[in-house]
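Peer 1: Mind looking over this structure? Questions follow.
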Amino acid sequence: MQTLSPPTSNALNLNHVLRTRRLLPTRLSVKCAYAFEPASYGVGSSRADWQSTCAILASKVVSQEQTSSADKNGGTADHVAAVNGHKAAVSDFQLVPIGNLAEANNKPLPPKPLTISDLSPAPMHGSKLRVAYQGVPGAYSEAAAGKAYPNCEAIPCDQFEVAFQAVELWIADRAVLPVENSLGGSIHRNYDLLLRHRLHIVGEVQLPVHHCLLALPGVRKEFLTRVISHPQALSQCEHTLTKLGLNVAREAVDDTAGAAEFVAANNLRDTAAIASARAAELYGLNVMADGIQDDPSNVTRFVMLAREPIIPRTDRPFKTSIVFAHDKGTSVLFKVLSAFAFRNISLTKIESRPHRNRPIRLVDDANVGTAKHFEYLFYVDFEASMAEVRAQNALAEVQEFTSFLRVLGSYPMDMTPWTPSSPPH
């Protein structure tokens, strides 16, 4: 089967990522607006000095509040505060209110200091997120990114690995990548990349695949001599194309939307593409046949990746993905499965991959890669949250039987209902 390469697009490519100048994080300086004597209460270089200073400032605030209360009640200002176990008069601290400090300097109030909410991850369905996906505009991955993060800024990448690197280099906040299809099975390339990179699965989204036959306006089916698309799309539409009388050559390209772009860019009137209806709209093509997939229950599962994991919860259905291996092969598999069965944990996926003569590069917490040899790798998805004790105990037992175990992510399940695609017309 001949392979065509679509023309260069605006997708983020590997060389561009590697040439991208890394932006160093901005150093924030948070200054305190209270006046105190540096000789007595200055911030030292050690952690103990810093903690002492924080305690002193906190004591000043408490002392000021108590003094103000005493003045209102007709009391005196001789209240004595305990600072780190030492008693000192409030008058010695020379506390300066923030408002008076701003008025004295004729300057606006300083910006509000960062809080923990400012540093927390963005909402799951935020509107400002930059989401990387593999392909060009109009790809199914772009639709999955829009379903996972509505109103996000989608960033096209020409390779799966570039999408991983875009998140690692802070070019993107999330990545949405396919991991399995109901007809084509698992996409092993992305599972391998999960091992080679230190990103975490923070969610999943299931997208029904709705293939369309696209061609330039005015082109009729009898004029076609070939159909191009992604290899999986071609195989998923094989019988329908035959029923439509298209006994023409099938040729593979990198992705479905790229096929539509290739036909439009080169004004190919003898070539049709299998892609989405959105791709037809973007590249000015006509939909010759709609819903041409052989199986209407064609669904692709995508995972959402981030630099940091999310906090597991128990108030909604969660799924956890793990990968494990043992140096001595598959003899340990029964023991691993029994750890889940004993605790009534349902498995939604289990798959093995042989790696007898091929090392796998594993990245540890320090982002240091080492090459290791495993006879088999096992990928398992199970319906439980890592916040549940039964899941924690199950993995503790699994770890006793394996030489390698990694939790790829614990994340909410996609419970969105969907209906099968309509038959072609």
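The values are calculated or read from the model by the stated rules, or taken from the named source; none is laboratory data. Bear in mind the structure is a predicted one, so any value in this text is a computation, not a measurement. A quick note on method: Cβ atoms are made from the backbone with ideal geometry, for glycine too, and the neighbour counts reach across all protein chains shown. Ligands, DNA and RNA are excluded from the accessible area calculation, which covers all protein heavy atoms including side chains. Shrake-Rupley method; radii C 1.70, N 1.55, O 1.52, S 1.80 Å.
Peer 1: Do you know which of the residues in region 252-267 that are under 29 Å from the mean Cα position of the chain (by Cα) and either open to solvent by 30 Å² or more (accessible area, probe 1.4 Å) or of a type in the set (Phe, Trp, Tyr) (or both) is modelled with the lowest pLDDT?
Peer 2: The selected residue is Asp254.
Peer 1: Something else now. Only one of Ala289, Ala265, Ala272, Ala280 is of a type outside the set (S, T, N, Q), in contact with a strand residue (DSSP E or B) (Cβ under 9 Å, 6 or more places away or on another chain) and part of a helix (DSSP H, G or I); which? Steps first, please.
Peer 2: Details: Ala289 fails: part of a helix (DSSP H, G or I); Ala265 fails: in contact with a strand residue (DSSP E or B) (Cβ under 9 Å, 6 or more places away or on another chain); Ala272 fails: part of a helix (DSSP H, G or I).
Result: Ala280 is the single residue among Ala289, Ala265, Ala272, Ala280 that is of a type outside the set (S, T, N, Q), in contact with a strand residue (DSSP E or B) (Cβ under 9 Å, 6 or more places away or on another chain) and part of a helix (DSSP H, G or I).
Peer 1: Can you list the helices (runs of 4 or more DSSP H) found entirely within region 128-220 that contain at least 1 residues being of a type in the set (Gly, Ala, Ser), in contact with an Asp or Glu (Cβ under 9 Å, 6 or more places away or on another chain) and within 19 Å of Ala233 (Cβ to Cβ)? Quick ask: steps written out before the conclusion?
Peer 2: Working: elements: 140-148, 160-168, 188-196.
Filter on region 128-220 gives 140-148.
Peer 1: Hey, another quick one. Just checking, how many residues over region 268-304 are crowded, with 22+ Cβ neighbours inside 10 Å, more than 28 Å from Ala175 (Cα to Cα) and hydrophobic (A, V, I, L, M, F, W, C)?
Peer 2: Adding up the residues that qualify gives 3.
Peer 1: What number goes with the only condition from (1) open to solvent by 40 Å² or more (accessible area, probe 1.4 Å); (2) outside any loop (DSSP other than H, G, I, E, B) that Glu308 does not pass?
Peer 2: Exception for Glu308: condition (2).
Per-residue answers, yes or no, for (1) in contact with a Ser or Thr (Cβ under 8 Å, 6 or more places away or on another chain); (2) modelled with pLDDT of 90 or more:
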| position | (1), (2) |
| --- | --- |
| Thr320 | yes, yes |
| Asn357 | no, no |
| Glu375 | yes, no |
| Val389 | no, yes |
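Peer 1: OK, next. Kindly provide the set of residues from region 142-177 that are under 21 Å from Ala260 (Cα atoms) and open to solvent by 10 Å² or more (accessible area, probe 1.4 Å), ordered by number. Reasoning before the result, please.
Peer 2: Step one: of region 142-177, the residues under 21 Å from Ala260 (Cα atoms) are 142-146, 154-160, 177.
Selection gives Glu142, Ala143, Gly146, Ala154, Ile155, Pro156, Asp158, Gln159, Phe160.
Peer 1: Within region 380-418, which residues are among the basic types (Lys, Arg) and more than 21 Å from the chain's Cα centre (by Cα)? Reasoning before the result, please.
Peer 2: Our first condition is that a residue be among the basic types (Lys, Arg); within region 380-418, this holds for 390, 406.
The answer is Arg390, and nothing else.
Peer 1: Of all residues in region 210-230 being touching a residue at least 60 places away in the same chain (Cβ under 8 Å) and open to solvent by 10 Å² or more (accessible area, probe 1.4 Å), which is nearest to the chain's Cα centre (by Cα)?
Peer 2: Checked region 210-230; the qualifying residue nearest to the chain's Cα centre (by Cα) is His210.
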